[in-house]
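> Attaching a single structure in structure tokens format; questions to follow.
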Amino acid sequence: MLKFGIFESQNDVEKFMEKITNPRIYCLFLLGLLFAACSHGPDYEVKEFTPLVGFDHSHGDTVEMETAMQNDIFKGILVPENGYFKMNFKVKNNGSKDRRFFYKIFYQNESYKFIEYTGGVDSVSYNPLASENFYGSWEDPGDSIHITPLIPADGAFHTIVDSFRIVGNPRNEPLYFGKSPENMRPTSDKIENVVKAIKNEKAWYESIIEKATSKKRSVEEQLYLDALWILSHERDKGNYNCRWKRNPRAGIYSFALVVVTPDKTETLPREVINHEIKQGDSIFINPYYSLLYDPHRDTTGYFFERSEQVLKTRFNFDLSSGIYIDPLKYTNPPIDSTDFDALCNFSDQNYRKAQVEQFFHNIDKNWVMNNVPLVEDYAKFTYEDYKQLEKNFPENKLRHDYISITDSPCETVAYSSEDEAIVLTNPPSQNDNMRKENVGIQSRIGFSYGKITAKIKFPEMLNDYNVWNGVTNAFWLIYDEEGDWNQRRPCETEGYIPKSEVGETDVRVRQTFYTEIDIEIVKASRHWPPSSYYNEIPFPENEPDNPRDIIVTCTNWDLACLDPENFNVGVFGVDQNGRTWLPHRWDHWYKALTMKYAVNHDSVFKRDFYYYQIDWQPERIIWRIGKDKEHMVEVGYLDTSVSSIPNNQMNFIVTQEYHHSAWWPTTEFKQEFIPYPAKPIVGKVYSIEIE
């Protein structure tokens with residue numbers, strides 16, 4: 001049976017032909033696929049390659065598998081979760097002597113990949129971005145190619161049985177090596193030893209004092225933070241294969257088999273024999289290119305088949321596995337364990353098994369929040385009440401304050417077995433303890449690409465008087481770690497502006513770890529300021545804001561990389577499938593693009609839950625929301641023509657947080673005139689999945 005490479009069937013090939021404007025390119029595709037289907041040795045035959053033996057075939061050639069990721073904090077994501085896939089194929093020796101055969105299986109994620117080639121019929125060449133694709137074979141270093149038992153020359157087919165699994169860091173790249181997780185757990189003794197070392201180095205200690213002054217922190221607090229930073233970066237030093245640093249991707253996997261006689265191994269491309277090596281120590285060559293598309297390949301010396309059987313994977317986070325409190329991320333020392341319970345703590349059990357941790361916001365004390373010194377039940381707070389506060393409280397009567405995080409980890413996050421959800425609580429204030437406190441959780445298992453879907457009951461943001469409670473609800477992704485292993489793809493045109501840079505700057509870097517993709521639900525205008533409309537997009541004066549609307553904002557932090565051919569500022573149009581999206585960038589050095597989408601508050605929040613999805617692909621991002629997974633609505637779209645799309649590993653975050661008014665201009669309500677909450681503000685996270 002013919003194998004159609006990147007296509008599932010002849011029908012798919014014909015559909016693709018209709019979309020191709022250059023017939024010569026279509027011919028190249030078809031020839032390449034036919035070569036791949038027919039190539040085999042002249043004196044042996046191979047048939048019935050089955051990469052996934054023993055699985056249900058009720059979905060045709062697609063095997064579906066859900067993974068709960070029970071073992072993944074230390075080992076990385078494993079597919080299957082326990083054990084291995086069993087594979088087999090049949091080989092017939094048509095020669096005159098008994099002999100063995102060499103063979104190798106390959107897998108590749110097809111859902112989130114770059115096409116393996118570039119060019120037309122006369123100039124096909126390798127697409128370097130295909131080296132970023134997630135592909136692999138047998139997992140052990142040096143286990144490059146397997147050998148069959150002695151196959152008799154009896155004219156009969158003999159079944160070869162083997163096993164494999166899909167693992168993180170499948171090319172065993174040293175870039176992803178480091179300390180074993182067993183030795184990474186932070187302790188108070190480790191932190192104190194680093195603090196002592198800093199104090200014993202005069203120049204080092206003086207730099208800490210200077211930094212503390214600039215950050216408006218105490219010296220002891222800055223010492224603690226620097227000690228945490230040092231310990232967190234030591235984890236990248238070592239020879240342990242940290243497979244969790246490049247986890248498998250969700251979605252569909254294809255499988256391919258290569259079989260060759262020992263005397264013909266020289267016909268195999270170098271990267272097929274050993275997929276772990278680079279070409280000239282500079283770039284990996286994807287073996288799918290070498291076997292399917294390379295115009296110089298010799299197809300006569302080996303058998304190659306791509307199976308019609310595929311694997312469709314979905315990863316589900318187990319929110320009941322615990323909530324870890326990471327001492328390296330809690331910046332208000334010492335840690336108060338008063339509110340620890342069986343599922344929320346920093347025990348060894350949680351360190352090993354918990355798939356989420358409490359998220360602690362970075363509180364920048366350069367952002368002062370001057371707030372009305374009142375505690376109110378926001379359900380009873382009217383628009384007239386708000387206007388009176390705005391009128392009666394000049395700046396000198398406002399309370400000098402900062403947005404805060406918890407003083408007691410686990411007090412505001414908890415797993416509820418009754419709700420089967422993680423409960424997030426912005427705590428109430430008292431007259432003698434006024435605070436606007438952020439709360440959130442973050443995943444401990446990183447991932448690259450996927451449809452990341454969250455089922456959440458966010459707290460209501462507007463009361464019956466259409467007045468905002470000051471909270472921004474958010475579901476977002478952020479870079480996994482800061483190490484060299486997690487750098488995003490280089491920005492070739494001048495470089496990225498680092499996240500730490502503020503305002504107009506000439507500082508740019510070729511690479512950075514920083515990536516962030518957001519869904520933030522805010523109370524703001526659906527429009528940007530009139531000054532942002534200068535790209536032939538008129539200011540929508542005849543589209544007034546509905547007081548019952550809230551705004552779903554969709555943001556990609558591209559750090560002002562100028563590589564996209566249509567990089568732009570202000571409000572401008574991006575066309576997608578007959579629809580025009582209107583992203584916005586404040587200026588040429590602003591580090592993010594954002595879209596706004598207005599929705600009725602009650603349609604989203606007066607439900608038991610709602611779905612939020614970030615569809616993160618190699619060349620585009622699509623944002624969706626909906627009352628159920630079958631009826632999700634696109635609320636944002638960006639692609640590589642206008643924005644640099646992240647390609648490193650990220651974590652999900654769910655937060656209920658207080659934003660400064662300056663972050664969302666044109667908002668009707670200002671944070672400083674929203675009183676402190678008299679009652680808890682509660683949300684629930686039911687599930688997070690990646691597919």
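> Efficiency by 1/(1 + (r/R0)^6): what FRET value for K278 and K391, r their Cβ-Cβ distance, R0 = 45 Å, to the nearest 0.05?
Rounded to the nearest 0.05, the efficiency is 0.10.
> Now, a different point. Binned at 10 Å from 0, what are the whole-percent values of the Cα-Cα distance distribution for the range 349-489, short to long?
9, 30, 33, 19, 9, 1
> Measure off 7 Å from each Cα along the Cα-to-Cβ vector at D348 and S144, then give the distance between these two points in nanometres to one decimal.
4.1
> What is the fewest-to-most order of Y84, Y289 by other Cβ atoms lying within 10 Å of their Cβ?
Sorted ascending by nearby Cβ count, the order is Y84, Y289.
> Which one of V633, C554, Q442 has its Cα pushed farthest toward the positive end of the charge dipole of the range 319-688, where Lys and Arg give +1 and Asp and Glu give -1 at the Cβ?
Among V633, C554, Q442, the one farthest towards the positive end of the dipole of the range 319-688 is V633.
> State to the nearest 20 debye the size of the charge dipole of the chain about its Cα centre, where the only charges are +1 on K and R beta carbons and -1 on D and E beta carbons.
The calculated dipole for the chain is roughly 700 debye.
> Report the paramagnetic label zone for S163: residues of the range 66-103 whose backbone N is under 18 Å from a point 7 Å from Cα along the Cα-to-Cβ axis.
Counting backbone N atoms under 18 Å from the label point, the list is 71, 78-89.
> Quick check on the range 319-688: what are the equivalent-ellipsoid semi-axes from the Cα gyration tensor, as sqrt(5λ), descending, whole Å?
After scaling each eigenvalue by five and taking roots: 30, 27, 21 Å.
> Where Rh is the Kirkwood radius over the Cα pairs of the range 510-581, the temperature 10 °C and the viscosity 1.306 mPa s, what D in µm²/s does Stokes-Einstein return?
Approximately 107 µm²/s, per Stokes-Einstein.
> To make sure I understand the rule: partners must be lysines, Cα under 17 Å from the Cα of K397, and not fewer than 8 residues away in the same chain. Which ones qualify?
K387, K670
> Which angle from 0 to 90°, rounded to the nearest 10, does the C-alpha axis of helix 383-392 make with the longest principal axis of the chain?
In the chain, helix 383-392 runs at an angle near 60 degrees to the longest axis.
> Quick check: the angle from helix 188-199's long axis to the longest principal axis of the chain, C-alpha only, nearest 10 degrees?
70
> Give the order of Y205, Y534 when sorted by the count of other beta carbons within 10 angstrom, beginning with the fewest.
In increasing order of surrounding Cβ atoms, one gets Y534, Y205.
> For the chain, what is the relative contact order in percent, using Cα pairs closer than 8 Å and at least 6 residues apart in sequence?
15
> How big, on average over all directions, is the shadow cast by the Cα convex hull of the chain, in nm²?
If you wrap the Cα atoms of the chain in a convex hull and average its projections, you get 34.1 nm².
> Using a simple charge model, +1 on the beta-carbon of Lys and Arg, -1 on the beta-carbon of Asp and Glu, nothing else, what dipole does the range 319-688 show about its Cα centre, in debye to the nearest 20?
That gives the range 319-688 a dipole magnitude of about 340 debye.
> Here is a further query. Relative contact order for the range 319-688 using alpha-carbon pairs under 8 Å, separation at least 6, rounded to a whole percent?
With pairs under 8 Å counted, the relative contact order is 25 percent.
> Cut-off 19 Å, label point 7 angstrom out along Cα-to-Cβ of I230: give me the residues of the range 318-349 whose amide nitrogen falls inside.
Backbone N within reach: 327-334.
> Ok, one more. Calculate the FRET efficiency for H400 and I537 from the Cβ-Cβ distance with a Förster distance of 41 Å, rounded to the nearest 0.05.
After rounding to 0.05, the efficiency reads 0.55.
> Using a basic spin-label model with each label point 7 Å from the Cα along Cα→Cβ, how many nm lie between V507 and D464?
If labels sit at V507 and D464, their model points lie 5.1 nm apart.
> Please determine, in degrees from 0 to 90 and to the nearest 10, the orientation of helix 23-38 with respect to the longest principal axis defined by the Cα atoms of the chain, where the helix direction is its Cα long axis.
60
> Another question about this same structure. How far apart, in nm, are two points set 7 Å out from the Cα along the Cα-to-Cβ line at T331 and at S180?
3.3
> Can you sort D294, D143, D506 by how many other beta carbons sit within 10 Å, fewest first?
Going from sparsest to densest Cβ surroundings: D506, D143, D294.
> Any chance you could tell me what percent of the C-alpha pair distances in the range 516-556 go past 12 Å?
Roughly 65 percent, once rounded to a whole number.
> What is the local net charge at V167, summed over the other residues whose Cβ is closer than 11 Å to its Cβ (Lys, Arg +1; Asp, Glu -1)?
Local charge sum for V167: +2.
> Let me ask you something else. Show that you can apply the helix-only estimate: for the chain, add -39,500 (n - 2.57) for every DSSP H stretch of four or more residues, divide by all residues, and state [θ] at 222 nm to the nearest 500.
-4500 deg cm²/dmol
> What length, rounded to one decimal in nm, is gained on full extension from K627 through to H57, with 0.36 nm per residue of separation minus their alpha-carbon distance?
That works out to 202.1 nm of additional length.
Bear in mind that the values in this text are calculations on the coordinates, not laboratory data. Here the structure is a predicted model, which means the values were calculated and not measured. Counting neighbours? That spans all protein chains shown, and the Cβs are built from the backbone with ideal geometry, glycine included.
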